[in-house]
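Everything on this sheet refers to the single structure shown next.
The values are calculated or read from the model by the stated rules, or taken from the named source; none is laboratory data. Values in this document were obtained by computation on a predicted structure and should not be read as measured data. Cβ sites come from the backbone with ideal geometry, for glycine too, and all protein chains shown count toward neighbours.
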Amino acid sequence: MSNLFELILASILNHNIALVYILGMCPLIAISTNVKNAKGMGLAVIIVVTLTAIINWPIYQLLLATGTEKLALLVFIITIAAVVQLLEIFMEKFVPSMYNAFGIFLPLITVNCVVLAVSLFFVNREYTFGETAAFGFGSSVGWALAIILLAGIREKMAKISDLPKGLQGKAIVFIILGILALAFIGFTGLASI
Amino acid sequence: MKQNMKMMVFVLILGLLTSGLLVGVDALTRDRIEQNKIAQLKAAVLDANEVSYNFGNIHTVFDDEIETIVVDELTFYLHTASGNVSYTFIGGGVWGPISGVITLEDDFETIVAIKVLKQEETPGLGGIIAEAKYLANFVGIKMVPSLEVNKDSSPNQPNEVDAITGATRTSEAFEIIMNDQYALYQAAWDSREE
Amino acid sequence: MKWIRLRYTKWFNILKDGLHRNNPIVVAVLGICSSLAVTNRVENAIAMGLGVTFVVMASSAFISLIRNFIPGKVRMVTYMVIISAFVIIVQMFLEAYFPSIASALGAYVGLIITNCIVMGRAEAFAVKNPVRYTLVDGFASGMGYTLVLLVVSIVRELLASGTLLGYQIMPDTWPNWVVMSIAPGGFFVLGLLIWGIREWSKFYETN
């Protein structure tokens with residue numbers, strides 16, 4: 001149990017999938033203009049990534065058993081798309097309030113590298129089911145943490161900083177991300193994955 | 001509902017077609033890829049023992065000079081002339097598996113050469129783990145008590161190697177792979193001596 | 001005579017678009033993940049740039065071919081499946097017939113599959129345009145991407161190890177700016193580059 005807790009801690013901090021592995025940058029940059037959107041996207045990512053990690057693990061075991069691991073990447077892409085589609089339909093019908101909050105982000109998550117990367121990582125590192133679930137949850141929480149941090153800084157900067165016009169938008173986001181990534185290097189060696 | 005059905009059917013057909021294509025190409029190329037891998041492995045062992053060969057006679061030279069010994073399902077490649085022993089190592093890197101061949105002297109402690117055959121680390125950073133220039137640092141290093149990757153500026157002990165600057169995680173992962181595989185292969189090699 | 005000139009203009013505009021006005025990295029901000037990883041050395045940047053150009057051209061052309069058969073909602077999945085299948089097949093061929101090239105490019109394969117540019121061009125252009133224009137657009141986006149990669153990698157390699165393409169440029173006393181070889185360095189150079197280009201071309205982000 002303590003091993004799982006350490007895994008979650010590691011995937012949020014010193015193995016943060018956004019600020020240490022630099023994955024999922026496109027949606028990170030696009031949806032971080034304000035904290036409200038960031039929270040919505042972060043929540044959506046947490047749900048989708050954890051769900052797909054849990055679903056892909058038994059599917060991969062099946063692929064291993066039939067000797068067709070070469071198709072793993074393809075199968076993962078299809079299951080991820082299916083999960084997202086089903087989730088959208090489910091949310092629209094049964095929890096419309098949640099759907100209004102972050103439903104629009106769901107299609108964007110299909111192409112978020114984080115979802116696929118989590119599945120590929122558990123294959124590479126030969127995690128057990130529990131470890132996969134913990135890793136998926138932790139990584140997505142880490143990504144959500146990164147986007148909320150970034151959104152908070154951007155929102156504040158938009159109000160009080162006098163940025164040159166060329167820096168506004170994507171340019172300053174990269175500089176902020178660079179500083180955040182540097183800061184997260186400070187967590188190295190905190191917990192093992 | 002009809003639209004959903006159409007979608008499902010399309011994705012299913014697409015999935016089946018591409019899977020079929022992948023499995024087909026895999027079947028076509030599997031043998032050649034396997035042969036290439038075997039050739040790479042033999043080349044690595046022969047290079048470490050400084051045996052000369054060329055593309056045409058690599059297999060005969062290998063059979064002449066190297067004795068393949070299997071102990072407990074682990075394969076060792078013994079160079080009969082010098083007593084050097086080689087074995088393949090594999091383990092998890094940061095982004096994917098790192099695998100290669102390590103050659104030790106007959107004391108099964110001192111490194112003669114390491115060659116990394118496959119890795120998926122960041123090119124130019126963790127990827128340096130596969131470069132000959134970096135792996136040359138390992139020559140003459142001892143695997144006992146255990147191989148250590150040195151991150152600070154203290155002078156290196158006989159069992160220490162410098163880490164790759166800026167690629168701490170890959171260096172640490174490589175250290176773990178080396179030591180884990182060494183423990184495994186050393187136990188098997190010792191049990192054989194008896 | 002007039003017909004040829006018209007064609008020439010459309011192709012030229014697409015080319016110019018991909019390289020400058022709609023440059024994938026600087027303007028559309030696509031393909032960031034990979035550009036950070038491979039711009040630590042010029043040779044990696046060139047390899048990645050050429051690889052992406054090839055994949056974008058080929059996969060976009062194929063998607064453009066079947067564009068009338070793809071149901072609306074599953075566009076994204078279709079792109080991903082086609083692109084990954086294509087990249088994997090290319091990799092298998094390389095491993096079988098050109099193993100030395102395959103081992104050099106091994107790490108890029110994953111990066112190319114998830115490169116947003118490939119998906120982005122498929123969605124924005126390939127699915128709406130005939131094959132011949134798609135090929136030009138793919139080439140232009142790929143080259144625009146390669147150009148930015150080159151500039152960033154030249155700065156990073158020079159500062160991080162004092163070399164360019166492996167040749168020592170800086171004097172031996174140059175203290176290597178290791179931060180330039182890891183991700184934060186890439187972020188900083190890219191951010192400053194975008195700032196510079198936007199000020200120079202007066203092409204600002206509309207608020």
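May I ask you to verify whether C:Ser141 is closer than 24 Å to B:Gly24 by Cα and either of a type in the set (A, V, I, L, M, F, W, C) or surrounded by 18 or more Cβ atoms within 10 Å (Cβ to Cβ) (or both)? Answer is no for this residue. Restricting A:Ala53, A:Ala44, A:Ala38 to residues that are among the small types (Gly, Ala, Ser), under 23 Å from B:Val11 (Cα atoms), away from chain C (no Cβ under 12 Å) and under 15 Å from the mean Cα position of the chain (by Cα) narrows the list to A:Ala53.
I'd like to know if the range B:121-136 contains one or more residues that are closer than 30 Å to C:Val109 by Cα, in a loop (DSSP other than H, G, I, E, B), in contact with a Phe, Trp or Tyr (Cβ under 9 Å, 6 or more places away or on another chain) and of a type outside the set (Asp, Glu). Checking the range B:121-136: at least one residue is closer than 30 Å to C:Val109 by Cα, in a loop (DSSP other than H, G, I, E, B), in contact with a Phe, Trp or Tyr (Cβ under 9 Å, 6 or more places away or on another chain) and of a type outside the set (Asp, Glu). Comparison of A:Leu86, A:Leu28 shows that the only residue that is within 14 Å of another protein chain (Cβ to nearest Cβ), without any contact (Cβ under 8 Å) to a residue 24 or more places away in the chain and either in contact with a Phe, Trp or Tyr (Cβ under 9 Å, 6 or more places away or on another chain) or over 21 Å from A:Gly130 (Cα atoms) (or both) is A:Leu86.
All of (1) part of a helix (DSSP H, G or I); (2) closer than 20 Å to C:Ile83 by Cα; (3) more than 14 Å from every other protein chain (Cβ to nearest Cβ) hold for C:Asn129 with one exception: (1). The helices (runs of 4 or more DSSP H) located wholly in the range A:95-193 that include 1 or more residues which are basic (Lys, Arg) occupy A:113-125, A:129-160, A:170-185. Would you point out the residue of the range B:151-194, among those that are among the aliphatic types (A, V, I, L, M) and part of a helix (DSSP H, G or I), that is farthest from C:Val179 (Cα to Cα)? My answer is B:Ala188.
Apart from one condition, C:Ala104 fits all of (1) touching a Ser or Thr at 6+ places or on another chain (Cβ under 6 Å); (2) more than 14 Å from chain A (Cβ to nearest Cβ); (3) within 30 Å of B:Gln35 (Cα to Cα); the exception is (1).
May I ask you to say which residue of C:Ile88, C:Ile46 is surrounded by fewer than 23 Cβ atoms within 10 Å (Cβ to Cβ) and within 11 Å of the chain's Cα centre (by Cα)?
Details: C:Ile88 fails: within 11 Å of the chain's Cα centre (by Cα).
From the options C:Ile88, C:Ile46, the qualifying one is C:Ile46.
Test of understanding: among B:Ala173, B:Ala163, B:Ala113, which residue is within 11 Å of another protein chain (Cβ to nearest Cβ) and buried (at least 18 other Cβ atoms within 10 Å of the Cβ)?
Details: B:Ala163 fails: within 11 Å of another protein chain (Cβ to nearest Cβ); B:Ala113 fails: within 11 Å of another protein chain (Cβ to nearest Cβ).
Only one candidate passes the filter, namely B:Ala173.
Taking first residues from the range B:97-126 that are touching a residue at least 60 places away in the same chain (Cβ under 8 Å) and partners that are surrounded by fewer than 21 Cβ atoms within 10 Å (Cβ to Cβ) and among the polar types (S, T, N, Q), the Cβ contacts under 6 Å between residues at least 6 apart in sequence or on separate chains come to B:Val101/B:Thr88; B:Leu117/B:Gln40; B:Leu117/B:Ser99.
Out of curiosity, is A:Val75 at pLDDT 90 or above, part of a helix (DSSP H, G or I), within 14 Å of chain C (Cβ to nearest Cβ) and under 21 Å from C:Ile113 (Cβ atoms)? Considered against the rule, which asks whether it is at pLDDT 90 or above, part of a helix (DSSP H, G or I), within 14 Å of chain C (Cβ to nearest Cβ) and under 21 Å from C:Ile113 (Cβ atoms), A:Val75 comes out as no.
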